[in-house]
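Before any comments, here is the structure.
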Ligand code: FES
């Protein structure tokens with residue numbers, strides 16, 4: 001049986017907000033976009049480094065795209081696809097999750 005880890009209450013992230021999550025060696029982040037939570041590995045496909053420059057800051061000014069703070073790559077929130085910047089066409093790695101009693105949970109080995 002995989003170990004199930006609770007990440008946060010679904011209510012913790014308001015509409016248009018994002019949150020970084022450190023889980024042992026894993027660095028993840030979640031975005032609430034139009035009522036849907038998207039969970040990704042916090043790793044830019046350009047240089048393999050975290051996306052944010054300040055805690056929980058993952059979106060562009062209009063909150064329409066995920067933005068890498070290092071070279072400005074833009075990723076779609078719903079698919080994690082880079083549509084502008086040095087890694088155009090590459091994707092963030094989505095993380096599969098479940099909602100259990102209002103909490104976002106992942107299996108320890110989920111990817
Ligand atoms: S490291 Fe993210 S765009 Fe270069």
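The values are calculated or read from the model by the stated rules, or taken from the named source; none is laboratory data. Everything numeric here is computed off the predicted structure, so don't read it as measured data. Cβ coordinates were reconstructed from backbone atoms using ideal geometry, including for glycine residues, and neighbour counts include every protein chain displayed.
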Failed item, numbered, when residue 92 is tested on (1) more than 22 Å from residue 11 (Cα to Cα); (2) within 16 Å of the ligand (Cβ to nearest atom); (3) over 10 Å from the mean Cα position of the chain (by Cα) = (3)
Which one of these does residue 35 not meet: (1) away from the ligand (no atom under 12 Å from the Cβ); (2) surrounded by 12 or more Cβ atoms within 10 Å (Cβ to Cβ); (3) on the phi > 0 side of the Ramachandran plot?
-> (2)
Taking residue 66 as meeting all but one of (1) away from the ligand (no atom under 16 Å from the Cβ); (2) at pLDDT 95 or above, write down the number of the exception.
-> (1)
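Where residues in region 8-32 are within 16 Å of the ligand (Cβ to nearest atom) and under 14 Å from residue 59 (Cα atoms), which of them is nearest to the chain's Cα centre (by Cα)?
If we filter region 8-32 for residues that are within 16 Å of the ligand (Cβ to nearest atom), which is where we start, we get 18, 20, 27, 29.
Pick out the ones that are also under 14 Å from residue 59 (Cα atoms) and you get 18, 20, 29.
Working: 18: 8, 20: 7, 29: 3 Å.
By that ranking, first place goes to 29.
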Please list, ordered by first then second residue, the pairs with beta carbon atoms under 7 Å, 6 or more apart or interchain, first in region 91-104 and touching a residue at least 40 places away in the same chain (Cβ under 8 Å), second part of a strand (DSSP E or B) and loosely packed, with under 13 Cβ neighbours inside 10 Å.
-> 102/9; 103/6; 103/9
Within the bounds of region 63-85, is there any residue that is within 11 Å of the chain's Cα centre (by Cα) and on the phi > 0 side of the Ramachandran plot?
-> yes
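Each row is one residue, and each column tells you yes or no for (1) farther than 24 Å from residue 109 by Cα; (2) touching a strand residue (DSSP E or B) at 6+ places or on another chain (Cβ under 6 Å).
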{"site": "3", "(1), (2)": "no, no"}
{"site": "36", "(1), (2)": "no, no"}
{"site": "39", "(1), (2)": "no, yes"}
{"site": "47", "(1), (2)": "no, no"}
{"site": "51", "(1), (2)": "no, no"}
{"site": "57", "(1), (2)": "yes, no"}
{"site": "65", "(1), (2)": "yes, yes"}
Of all residues in region 69-89, how many are farther than 20 Å from residue 10 by Cβ and away from the ligand (no atom under 12 Å from the Cβ)?
-> 5
